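*Asks:* I am attaching a structure below and will ask some questions about it afterwards.
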Amino acid sequence: MAVRSCRRVTHCSATLLYWSSIAKRRFRPDVVRTGMGERDSAMIATTIEEQVADVSEIDTSAKRRQIMDGARQVFLSGGFDGASMNDIARAAGVSKGTLYVYFDSKEQLFEDLIREDRRQQAERICGGIAMSGEPRDVLFRFGRNLLNMLVRPEQVAHVRAVIAVSGKFPRIGQAFFEAGPLFGATMVARYLAGEAEKGTLDLPDADAAAWQFLELCHSGMLKRRLFGYDLDVSPAALDARVASAVEMFMRAYGRQVAAEG
């Protein structure tokens, strides 16, 4: 690990030194022609170094994305134990040496991939939803987006892979939980707490209620998918399941305004 880190730092330092020297050679003649001072010349050279660093960050990000895309294919097809760094390098179209520049181990790569994928899925679930408005509408939209994600084959494969490796590498399971289920429950709990303050819901514990709602949405369904049991995942079936979850939740926590009046 120390050798790889040293190699990474050396490469970055060499790049900056190279472009710094180019900048100085390029702009020092201009100092003579235009009469700019040493301070102005140094500022211009520094700006070029910053621009080069920005380009390097873009290139690094693109290469990292390329590696993670290749790793995703390998992990989903063969699971964590069935994947090797050679397989990942081949699928990503990079050398094994390049792979280790970005990720110190297969475990780190898998954990980073989980966090990235969970973040993107959370954005897809919450992105098209305004977490404000009448509880029945907001909860239905959230629950429907959640089920759309949960029934996808690649999502099922992802969950299976995480479960299989979590006993040996707890950090991977924790990463999945934090970036996925916990993130979603936190979003719902925040909305529910706001509605309770407005008086539209009557619930003693927003966090507990959020988990209850999420479990109601996929009750029985997620296990069926994980174990390969037949399941109707048509849009109509998913609509009905979420509508039932919302109805049960509102019966428990909805404030009966008409009855009180």
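The values are calculated or read from the model by the stated rules, or taken from the named source; none is laboratory data. Just so it is clear, the model here is predicted, and its values are computed rather than measured. Don't worry about glycine lacking a Cβ; one is built from the backbone with ideal geometry, like all the others, and counts go over all protein chains shown. Keep in mind that these areas ignore ligands, DNA and RNA; they rest on the heavy atoms of the full protein, side chains included. Shrake-Rupley method; radii C 1.70, N 1.55, O 1.52, S 1.80 Å.
*Asks:* Answer yes or no as to whether Arg144 is within 23 Å of the chain's Cα centre (by Cα) and at pLDDT 90 or above.
*Replies:* yes
*Asks:* Right, here's the next one. Out of Gly133, Gly143, Gly97, I need the residue that is open to solvent by 20 Å² or more (accessible area, probe 1.4 Å), in a helix (DSSP H, G or I) and out of contact with any Gly (no Cβ under 8 Å at 6 or more places or on another chain). Which one?
*Replies:* Being open to solvent by 20 Å² or more (accessible area, probe 1.4 Å), in a helix (DSSP H, G or I) and out of contact with any Gly (no Cβ under 8 Å at 6 or more places or on another chain) holds for just one of Gly133, Gly143, Gly97, which is Gly97.
*Asks:* Does Ile125 fit the bill of being surrounded by 19 or more Cβ atoms within 10 Å (Cβ to Cβ), at pLDDT below 85 and either over 20 Å from Glu178 (Cβ atoms) or under 18 Å from the mean Cα position of the chain (by Cα) (or both)?
*Replies:* In short, yes.
*Asks:* Can you find a residue in region 173-193 that is crowded, with 16+ Cβ neighbours inside 10 Å, touching a Ser or Thr at 6+ places or on another chain (Cβ under 6 Å) and under 30 Å from Lys106 (Cα atoms)?
*Replies:* Yes: one or more hits.
*Asks:* Right, here's the next one. Condition check: basic (Lys, Arg), open to solvent by 20 Å² or more (accessible area, probe 1.4 Å) and touching a residue at least 40 places away in the same chain (Cβ under 8 Å). Does Arg241 satisfy that?
*Replies:* So Arg241 fits the description; yes.
*Asks:* Taking Phe80 as meeting all but one of (1) open to solvent by less than 50 Å² (accessible area, probe 1.4 Å); (2) at pLDDT below 85; (3) farther than 30 Å from Phe183 by Cα, write down the number of the exception.
*Replies:* Going through (1) open to solvent by less than 50 Å² (accessible area, probe 1.4 Å); (2) at pLDDT below 85; (3) farther than 30 Å from Phe183 by Cα one by one, Phe80 breaks only (3).
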